[in-house]
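A.B. asks: Before I ask anything, here is the structure I am working with.
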């Protein structure tokens, strides 16, 4: 990707946008046909993915521009139904470019598998398990020749005691390097394979054998500098810092603050076939790790008065396996993105989350969230009201000017016209 900053990309026709993607991302004629085939899959393909299928449901697919992440430019596919998210992310990325864009790092792709053991003497059972770690790891790794050949797979065994109302239990945890996969299937397979051995070692009974989606060994973190003049000056930056402190100290605000971050992250997750529920659950658990729910991001000023944003959260993602290998639209989106590893994808998603957070709190701290959002929302309202395309812009303009955006008002204005 030579340059992701494409002037007036939003004003181009669909064919013009696709032509740009074809040139910059090396898309084939087949890729372009998939993009033009709204939804990307047939009913037969959907029927093979889930049970009781009756059809498919499409969501808008957009492209975020202007992103520079770790010195590399990206055009980022985003799937989301909410207006303004793609535009807001693109605008934030454009501002961040002035100071080098986003600098991101990601941990190795470590998955955590858990085996719950009950009906044991906890102290002696833990000692026995720790003496047998090599045997447990060897058995776990025998279930994935691919990971073993890549010198990945199960790496460590640990134990923890849990005292519950129902009784005491041991949780045996496997730390597994799953490479470029999200890793749920291989983690579950390894947990199930070693459970009988753990029962034999401890004399106890294994009940649950499953991965944890709280992927604290798989964090993504990073930052970006937003130029004070581009942001809107010292007053706006001070307002943004006050807005951040609100989110950092009040969980009612923090939930909405973090929801805005996830708008960006989940839109990219949707386009690349990730487990959005796992990502969301881990992010919100991580926001509560200190005993209260708070902001996933932090904001401050540097010595030059510029705004600095930082983000850190678990990011369990993959570029191989599952729906990624079979959904044609997701394959094309991954090709547009040009990612070569799960760690690279995690960095991109973290950067988009930070960008989206910047745009949201900047809008809130200045003109308010509704000004830009409602203009885009008005377009949906006009469509719902059945307004003809040739009259749509005029109806939208009048509704926004009046501050009265509703299906009823759209119809009234159309009748007046």
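A.B. asks: Could you tell me how many degrees, from 0 to 90 and to the nearest 10, lie between the Cα long axis of helix 234-249 and the main elongation axis, the longest principal axis, of the Cα atoms of the chain?
C.D. replies: Relative to the chain, helix 234-249 is tipped by roughly 40 degrees.
A.B. asks: At 7 Å along Cα-to-Cβ for each site, give me the label-to-label distance between residue 56 and residue 245 in nm.
C.D. replies: Inter-label distance under the simple model: 5.1 nm.
A.B. asks: If you average the alpha carbon positions of the range 395-417 and of the range 241-277, how far apart do those two centres end up, in angstrom?
C.D. replies: That distance is 32 Å.
A.B. asks: Okay, moving on. Using only the Cα atoms of the range 25-124, build the gyration tensor, take square roots of its eigenvalues as a ≥ b ≥ c, and label the shape rounded, prolate or oblate: rounded if a/c is under 1.5, else prolate if a/b is larger than b/c, else oblate.
C.D. replies: Taking the square roots of the gyration eigenvalues as a ≥ b ≥ c, the range 25-124 is oblate.
A.B. asks: Using only Cα atoms, find the angle between the long axis of helix 370-384 and the longest principal axis of the chain, and express it within 0 to 90 degrees, rounded to the nearest 10.
C.D. replies: Roughly 80 degrees, rounded to the nearest 10.
A.B. asks: Mean-square fluctuation check for the chain, GNM, Cα pairs under 10 Å: which of 137, 236, 405 is largest?
C.D. replies: 405
A.B. asks: Where q = 0.14, 0.17 Å⁻¹, what log10 of I(q)/I(0) comes from the Debye formula for the range 110-212, counting one point per Cα?
C.D. replies: The Cα Debye sum returns log10 ratios of -0.47, -0.68.
A.B. asks: Using Cα pairs under 8 angstrom and six or more residues apart, how large is the relative contact order of the chain, in percent?
C.D. replies: Worked out over the chain, it gives 19 percent.
A.B. asks: Here is a further query. Rounded, prolate or oblate: pick one for the range 98-169, where a ≥ b ≥ c are the square roots of the eigenvalues of its C-alpha gyration tensor, a/c under 1.5 means rounded, and failing that, prolate if a/b is larger than b/c, else oblate.
C.D. replies: The shape class here is oblate.
A.B. asks: Could you grab the relative contact order for the range 118-228? Cα pairs under 8 Å, six or more apart, rounded to a whole percent.
C.D. replies: 29 percent
A.B. asks: Report the residue, chosen from 22, 402, 82, that carries the largest GNM mean-square fluctuation when the chain is represented by alpha-carbon nodes joined by springs under 10 Å.
C.D. replies: Sorting by GNM fluctuation, first place goes to 402.
A.B. asks: Give the peptides 29-38, 166-175 in descending order of average Cβ contacts within 10 Å, highest first.
C.D. replies: Answer by packing, highest mean first, reads 166-175, 29-38.
A.B. asks: Let me ask another. Okay, helix-only estimate at 222 nm for the chain: each DSSP H run of n ≥ 4 adds -39500 (n - 2.57), divide by all residues, round to 500 deg cm²/dmol; what do you get?
C.D. replies: Value at 222 nm, helices only: -15500 deg cm²/dmol.
A.B. asks: Between 161, 94, 152, find the one with the highest GNM mean-square fluctuation for the chain; connect C-alpha pairs within less than 10 Å.
C.D. replies: 161
A.B. asks: To the nearest 10 degrees, how steep is helix 389-402 against the longest Cα principal axis of the chain, on a 0 to 90 scale?
C.D. replies: So the inclination is approximately 90 degrees.
A short reminder: the numbers here are calculations on the coordinates, not readings from a lab. Predicted model only: the values in this text are computed from it and were never measured. Glycine also receives a Cβ, built like all others from the backbone with ideal geometry; neighbour counts cover every protein chain displayed.
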